[in-house]
1. Sorting HIS650, HIS580 on the 10 Å Cβ count, fewest up front, what's the list?
2. Cβ neighbours within 10 Å, averaged per peptide: list 401-408, 42-49 in order, most packed at the top.
3. Along the charge dipole of region 455-556, which of GLN475, THR533, ILE459 sits closest to the positive end, that is, farthest toward it, with unit charges on the beta carbon of Lys, Arg, Asp and Glu (+1, +1, -1, -1)?
4. Please work out the FRET efficiency for the pair ILE27 and ARG377, using the Cβ-Cβ distance as r and a Förster radius of 25 Å; give the result to the nearest 0.05.
5. So for region 112-210, taking the charge dipole from beta-carbon charges (+1 Lys/Arg, -1 Asp/Glu), which of VAL131, LEU199, LEU182 sits furthest toward the positive end?
6. Defining a contact as two alpha carbons under 8 Å apart and six or more residues distant in sequence, what relative contact order in percent does region 491-667 show?
7. Taking 0.36 nm per residue of sequence separation and subtracting the Cα-Cα distance, how much length would be gained by fully extending the chain between GLU652 and ALA260, in nm to one decimal?
8. What list do you get for GLU141, GLU60, GLU647 if you sort them by fewest beta carbons within 10 Å?
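No value in this document is a laboratory result; all are computed from the given coordinates. Please read these numbers as outputs of a predicted model, since none were measured by experiment. Cβ coordinates were reconstructed from backbone atoms using ideal geometry, including for glycine residues, and neighbour counts include every protein chain displayed.
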Amino acid sequence: MPKRFNIKAALKRIPRISNIIKIASVILIFTLALGIRLLPLKYGAWLTAYDPYFQYRVTEYIVENGFTAWFTWIDEMSWYPYGRNIAKTSYPGVPFTGAFFYMLAKSLGINATLMEVCVVVPAILGALSAVLAYLIGREVEDEAAGIFAGLLLATVPAFIGRTTAGFYDTESVGFFAYMLSLYFWIVAMKRNSKIAAILSGAALAYMLISWGGSIYLLNLYAIYAIIMVVVGKYSRKLLTTYAITLGIALFLAAQAPLFARKYLVSYATIMPIAAMILLSIKGVLEEAEDKKAKLIGLAAIAVIAVGGIAALEAGGRLRKLTGRVLSVVNPFAREAQPLVASVAEHRTPTWGHIFFQLNILLLLAPVGIYFVLKRGRDNDILLALGAITSAYFAATMIRLLMLAAPTFSILAGIGLVKILKPHVNVVMRRTPTARRGRKITVRVNRGGSAWTVLMMTLILMFAVVSWRDVAFAPQTIVSCGGVPGGTKYQDWIEALLWMRENLPEDAVVASWWDYGYWITTMSNKTTICDNATLNATQIKLVATAFMSNETVALEIFKKLGVTHVVVFEAFDPQTGFLLHGRGYGDFAKSQWMIRIAGLNVSDYIKYYREQGIYTPQGPLAANATLYRLLFATRRTLWKTWGIDIPEPEHFELVFSSSNGFVFVWKVNYEEG
């Protein structure tokens, strides 16, 4: 006899509508974030900026020689004639990740080149980071807050710029690891889960071996632990989570030579150690019942901590913070370091730039901070602290605006829920009740609530589409080093391909350090300096050569074994004058070369305030080697403006790009 159909049992087998919404939300956030980040592919599968080309070259080496080969690679094509120890001067996180994805793609039968994989990896990790924002928002608040957090992080310009397709660099991997560690920390604290703490530590280690800025999260956990003790919120759970997370992270990260040398035993880890000491002391005081045991425990902790730090300091083994890190903590110290200040992304952002990058998050995140601090749960305090500290660092350096995006997005999501929930309840004719059953009176009518919900929805929509300018920006190499005009100028691509095919294999190319990675990777030619800025002395030598007369320049170039020199500047194709009155290449950067070389800018550059233009004028300008190499092909035109820069005497022009932006010169040394 056939069984009678049971409609109730059938309905139970249908997935709950809430589960469907959750799955749909994750798919929507991931798809939206990934789609936005893949838009630069319209210009081709190119890496963007400069450092990603180094990461690609290292990834290529790993794919060809194996993961272990990375630890012993001495790159003789960089920083010639000394070379570069890759393991001691770079992090393995990015190239190891790219090599893993490439091998995974091959094993799945996906026919993609290594370049194509490296271009797409940042977009995938950026989309996964947005999903993690959703998960964190859901853990801390609710489903709606998670959805808002994920959507905001997926679309905020500050986070898109360095997780877009082609930005195959430390931040794209580092911030994915950051979100992963933060999520598991929150789970560990919420559920007292040791497994989650272990995973948080592993993710933190992944971040530590991927990006130098990872010391921020390391110290955020430390500051959080200290504050929790100070405000009377210490718990055994906090001690366990902190000890497991940081213990595993530091142990694993110590296997990366650069982190071990630069940060493991340095002032960057003083605060994490201090936090561990404080938590240990608090644990002894609260959990040891015997007074004698308390004293012995406290004495042991003090002796080990103070004695260890004193011994390291006395032995000169406690490394000081780098100039770049110090300039983030104290931006006023940046001007005293011209090499750090010369990098555009190291400058202090304007208020307009901050608003463009973070837009509505600047308004909603403070609302979220207010509500979470008012509630005061353990994870609430961590998120608020993360938002406040990242806001400070983001305001000191353009590059770190991305640092504020994750916590701002999560807190903005919470703030949105707190604002909208009462009004949605009114519109839906719901009457929220307090814990004891008493009705809460909302002093707004349905019309007012409806308008509030509508206005907030419109504001959110405008914020969500603010990604367009960032997402549609062409790759740096496609736009000729960031010259305005989109893909109109292809000069750098022309020059790099020409050098690859036409320069001798043993050619040694000098250029300003910005273009070192491009030349080594795309042209397969040896360079004397690059974007790693490892050797400040050598960079100063290059700056001195460019801004001195040809006699001095030849002495320096000969010492470094230089055979060819590459220079770049953007000129207006119609007028032949510097594009937009200042240029975008080596003339624009020459003010920093002058400062790095210890010279005076006024001896080389004149600024016409009314016209807003800069010109190569001054008592030393006409003899500067760089200016001769840049302006030689336009000498007749510039003479009509009263500026006469002679042609170089010891350099032979062997290549000029189609728009006359990039020049390759052969160095002709005097015999004998």
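1. Details: HIS650 17, HIS580 14.
Fewest-to-most Cβ neighbours within 10 Å comes out as HIS580, HIS650.
2. Descending mean neighbour count gives 401-408, 42-49.
3. Of the options given, the answer is ILE459.
4. 0.25
5. Farthest towards the positive pole: LEU199.
6. Details: 308 pairs, mean separation 40.9, N = 177.
Relative contact order, region 491-667: 23 percent.
7. 136.5 nm
8. Working: GLU141 26, GLU60 18, GLU647 12.
Starting with the residue having the fewest Cβ neighbours, the order is GLU647, GLU60, GLU141.
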